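Input: a single structure, listed below in structure tokens.
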Amino acid sequence: MKIFFILGEDSFFKPKFVESIIKKRRKDIVGVAVVPAKTPKTNLIKYIKKQLALFGYWNFFVLGIQIELHKFFDRISKFFPIKRFYSVKSVVKKYGLLLLLPMDINDSQFLERLRKIKPDIIVSSCPQIFKKELLSIPRFGCINRHTSLLPQYGGLMPVFWAMLNDEKEIGVTMHKMNEGIDEGQIITQKKIYLSEGDSLYGLYKKCFEISSGLVLEAIEIIEKKKKFKVINKNKERTYHSFPKKEDVKLFRKKSKKYL
């Protein structure tokens, strides 16, 4: 099974997530593409303003400092032994895997490179939308890791919306990808129950802690041609975009925590 990963860069949760998978399936992984956190057409100033409006000045400042510290530790890890990884790129390089850095995953040059690699399956945890041409490249299709219990909370910031709606549980879903956003057939998923003091950051961390196991499970299900689990078949699909000003105000009014 030739496995290729397309991942959004994230210094907080994904390095450990990726390393856990690589340790289990290293011989099968034929490459990893890492894309920027913001999509190619997104204006940087607008992107920063959106993040600032969502997190507020203090949380934005704290996260910004942590990101810069992670970048610093990632740079010095090339010269000094540091046990922890601070970027997905560093994990991929450490294990000697092919690393690609496309700005746009639907770009013709990147697609041509993928065709030459001939992956059996592509695993995504990426903010960019997969178009038809990309979806058609792997033999067994593309699968996506999404931080919600699909079909509920498709789209952006699923944990934010689940917290805002006072849900008692969230989770992670692995699903087959199609041209719709978070619409493909569910392969497997796992729940996490919310506690009183949970924060947005803390819940995303918990979700990534269970994500590597779910990715490996989903790959095995496809590889061994097992039947997909019938999950949430009676739940209606819900979809959310990026939170608006009034949503953020309500989140804070309910005393929900970011960090």
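The values are calculated or read from the model by the stated rules, or taken from the named source; none is laboratory data. Since this is a predicted model, take the numbers as computed values, not measurements. Virtual Cβ from ideal backbone geometry, glycine too; neighbours counted across all protein chains shown. We work out accessible area using only protein heavy atoms, side chains counted, and drop any ligands, DNA or RNA first. Shrake-Rupley method; radii C 1.70, N 1.55, O 1.52, S 1.80 Å.
Structure notes:
- Debye equation applied to the C-alpha atoms of the range 1-56, log10 I(q)/I(0) at 0.12, 0.17, 0.29 Å⁻¹: -0.42, -0.68, -1.18
- Greater than 28 Å apart at Cα, pairs in K78/K131; K24/K93; K14/K253; K27/K89; K132/K191; K50/K205: K78/K131; K14/K253; K132/K191
- Rh by Kirkwood over Cα pairs, then Stokes-Einstein D for the range 1-120 at 1.567 mPa s and 4 °C, µm²/s: 81 µm²/s
- Using distinct alpha-carbon pairs, which all enter the 1/r mean, Kirkwood radius of the range 57-148 in Å: 15.8 Å
- A Gaussian network model of the chain, with springs between Cα atoms under 10 Å, assigns the largest mean-square fluctuation among K226, K50, K191 to K226.
- Normalising by residue count, the range 57-97 has a Cα convex hull of 62 Å³ per residue.
- Dipole magnitude for the chain: computed about the Cα centre from +1 point charges on Lys and Arg Cβ and -1 point charges on Asp and Glu Cβ, it is near 460 debye.
- Of the trypsin sites (Lys or Arg not before Pro) in the range 60-125, those whose Cβ has at most 14 other Cβ within 10 Å and which sit in DSSP loop: K78, K83, R84
- DSSP loop GluC sites (Glu not before Pro) with at most 11 other Cβ within 10 Å excluded, longest remaining stretch of the chain: 1-178
- Each helix, a run of at least 4 DSSP H residues, gives -39500 (n - 2.57); summed and divided by the residues of the chain, these come to -13000 deg cm²/dmol at 222 nm.
- Value of D in µm² per second that Stokes-Einstein yields for the range 213-259, Kirkwood Rh from Cα pairs, at 10 °C (1.306 mPa s): 108 µm²/s
- The translational diffusion coefficient of the range 34-87, from Stokes-Einstein at 25 °C and 0.890 mPa s with a Kirkwood hydrodynamic radius over alpha carbon pairs, comes to 189 µm²/s.
- For q = 0.18 Å⁻¹, Debye-computed log10 I/I(0) when each Cα of the range 112-189 counts as one equal scatterer: -0.71
- Values of log10 I(q)/I(0) for the chain across q = 0.11 Å⁻¹ run -0.62, by the Debye formula with one identical scatterer at each alpha carbon and no solvent.
- In the range 59-112, the chymotrypsin sites (Phe, Trp or Tyr not before Pro) that fall in loop regions by DSSP, at most 15 other Cβ within 10 Å: F79, Y95
- In the range 179-241, the chymotrypsin sites (Phe, Trp or Tyr not before Pro) that fall in loop regions by DSSP, at most 16 other Cβ within 10 Å: F228
- Rounded percent of accessible protein surface that carbon and sulfur make up, the chain, 1.4 Å probe: 55 percent
- A dipole drawn for the chain from +1 and -1 charges on Cβ atoms has a positive end, and of H70, S255, G180 the residue lying farthest that way is H70.
- Gaussian network model of the chain, springs between alpha carbon atoms under 10 Å - residue of A33, A162, A53 with greatest fluctuation: A53
- Looking at the chain, the accessible area is 56 square angstrom per residue; that uses a 1.4 Å probe and ignores ligands, DNA and RNA.
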